């Protein structure tokens with residue numbers, strides 16, 4: 001409760017821009033029964049609810065201003081069964097998942113940020129370094145344990161409440177409070193990583209070549225292309241990080257199409273062959289060199305730092321022409337002039353492969369997209385977010401002539417005026433029906449989503 005010694009830390013989420021939020025209270029649930037009690041209390045008293053797993057809501061919804069926050073971060077137990085399936089507490093951070101699975105020789109395709117919660121990531125889809133080989137995080141989801149809008153504990157699986165499971169597999173959820181998730185996992189692969197950088201003068205041909213090459217490359221090869229500027233950089237930069245789970249000796253041949261397509265060679269091409277899954281995921285999380293999962297956090301005793309940011313997104317299906325690539329480059333160059341920006345980034349994460357080829361229906365609507373695109377600007381914690389919000393949204397608007405209005409719900413942007421169409425496309429109507437049936441009073445609906 002406000003005034004309690006632990007309240008300041010209990011209310012804190014990952015983006016410092018929301019530190020001013022004032023929850024009515026934070027329920028740090030220690031069990032699914034605690035979650036049920038919280039929901040029933042809120043129903044009986046008419047108190048608004050906010051749900052928190054990792055605390056990474058880009059729109060700040062998990063900060064719970066003027067609401068009761070149900071925080072499931074303590075529900076973080078992870079177990080791996082003999083068949084390789086993993087049951088993961090709804091509050092587990094990704095770094096905890098990678099450590100627990102890696103120690104069992106198993107892997108799950110998911111994101112690279114250490115402190116992201118497994119639940120929010122899965123509900124929106126889940127893109128990461130193994131995505132093209134094994135699919136989205138949500139594609140591996142087989143069942144969930146949850147608390148309903150009435151405060152009842154229930155299961156959703158292929159055999160029990162299948163529509164609820166469908167909505168949880170990349171459809172944005174908003175159907176209940178998840179308390180645990182069960183996934184299929186895969187044997188942990190050996191991973192070769194590569195880092196490339198080009199002269200920024202070559203950015204247009206590199207972008208054009210990457211977008212044509214990356215989604216149709218061997219599914220064992222994933223890459224993210226970044227355009228970077230801002231105070232951390234001497235000038236605009238274009239970089240690529242790639243992961244390859246085939247024989248390390250075959251990486252060069254699989255990268256050749258990118259070089260041939262661009263007609264230019266990188267100025268930096270650094271390869272680290274044959275790394276373990278756990279080593280690679282800790283490295284991407286910023287926790288290489290023997291850092292433990294307990295230290296790989298922004299919380300108490302952690303080595304990571306929170307950072308204020310603004311963000312929005314695209315999920316494109318149409319390739320850029322030269323003018324489109326030049327427009328993207330221009331936004332990066334303008335980012336170098338954005339006053340107070342620590343870093344301005346456009347990140348293109350490759351899709352295709354197993355994401356495109358899945359023959360199973362899920363709530364994720366962007367199977368034909370070739371990438372997710374994230375526009376971000378990081379800034380001083382005490383700075384006014386408004387100019388950075390304006391900048392990233394202007395970047396999205398500048399690219400709409402080529403990329404339309406589709407967006408990725410895990411990079412939630414409250415300024416998007418038709419969230420159903422943008423985030424869920426042709427799945428929007430079915431998802432709205434499922435949410436309405438599961439939560440007729442819209443207790444779990446995010447702002448702007450109650451009617452979509």
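Where a number appears in this text, it was derived from the coordinates with a stated rule and is not lab data. Computed from a prediction, not measured in an experiment: that's the story for all the values here. FYI the Cβ positions are ideal-geometry reconstructions off the backbone, even for glycines, and counts take in every protein chain you see.
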- Going from the fewest other Cβ atoms within 10 Å to the most, one would list 47, 147 as 47, 147
- Task: Could you rank the peptides 52-61, 350-359, 260-269 by their average count of other C-beta atoms within 10 Å per residue, with the highest value first?
- Result: 52-61, 350-359, 260-269
- Task: Using R₀ = 25 Å, calculate the FRET efficiency as 1/(1 + (r/R₀)^6) where r is the Cβ-Cβ separation of residue 321 and residue 201; round to 0.05.
- Result: 0.85
- Note on the structure: Helix 322-335: inclination vs the chain longest Cα principal axis, degrees, rounded to 10, gives 70
- Task: For residue 360 and residue 421, compute 0.36 nm times the residue count separating them, minus their Cα-Cα distance, and round to one decimal in nm.
- Result: 19.9 nm
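How do the peptides 38-44, 217-223, 271-277 rank, highest first, by the average count of neighbouring beta carbon atoms within 10 Å per residue?
Top of the packing list down: 217-223, 38-44, 271-277.
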- Message: Rounding to the nearest 10 and keeping the result within 0 to 90°, find how far the Cα-based axis of helix 428-438 lies from the longest principal axis of the chain.
- Response: 20
- In what sequence, highest mean first, do 157-163, 179-185, 118-124 appear when ranked by Cβ atoms within 10 angstrom? 118-124, 179-185, 157-163
- Query: For the chain, what is the mean residue ellipticity at 222 nm derived from helices alone (per DSSP H run of n ≥ 4: -39500 (n - 2.57); sum divided by total residues; nearest 500 deg cm²/dmol)?
  - Reply: -8000 deg cm²/dmol
- Message: How tilted is helix 94-103 with respect to the longest principal axis of the chain? Cα atoms for both, answer in degrees (0 to 90, nearest 10).
- Response: 80
- When only Cα pairs under 8 Å and 6 or more residues apart are kept, what is the percent relative contact order across the chain? 17
